[in-house]
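Asks: Pasting in a structure now, in structure tokens, and then I'll have a few things to ask.
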């Protein structure tokens with residue numbers, strides 16, 4: 001499993017089609033962060049992929065980030081959340 005650290009989260013590459021996202025504790029995710037994540041994931045995955053969002057840490061999302069999350073083309077219907 002490959003592990004990558006972005007400024008606000010850790011991305012674990014699980015398979016050639018799936019990644020796990022662990023957002024750092026006490027972070028408010030905004031549009032700029034999502035754009036960075038989208039750019040990074042599209043550089044790793046060159047086709048549709050799924051994201052498993054591990055909600056083991058406390059985080060929140062700006063309204064704009066919540067609205068844009070569902071529009072990221074490669075992951076539009078493939079985001080799953082895991083609560084620990």
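Asks: Would you mind stating whether residue 75 is at pLDDT below 90, in contact with a strand residue (DSSP E or B) (Cβ under 6 Å, 6 or more places away or on another chain) and crowded, with 17+ Cβ neighbours inside 10 Å?
Replies: Against the criterion (at pLDDT below 90, in contact with a strand residue (DSSP E or B) (Cβ under 6 Å, 6 or more places away or on another chain) and crowded, with 17+ Cβ neighbours inside 10 Å), residue 75 qualifies.
Asks: Which ones in segment 1-46 are under 15 Å from residue 65 (Cβ atoms), under 9 Å from the mean Cα position of the chain (by Cα) and assigned to a strand (DSSP E or B)?
Replies: 9, 21, 23, listed by residue number.
The values are calculated or read from the model by the stated rules, or taken from the named source; none is laboratory data. As the structure is a prediction and not an experimental result, all values here were calculated from the model. Methodologically, a virtual Cβ is constructed for each residue, glycine included, from the backbone with ideal geometry; neighbour enumeration extends over all protein chains shown.
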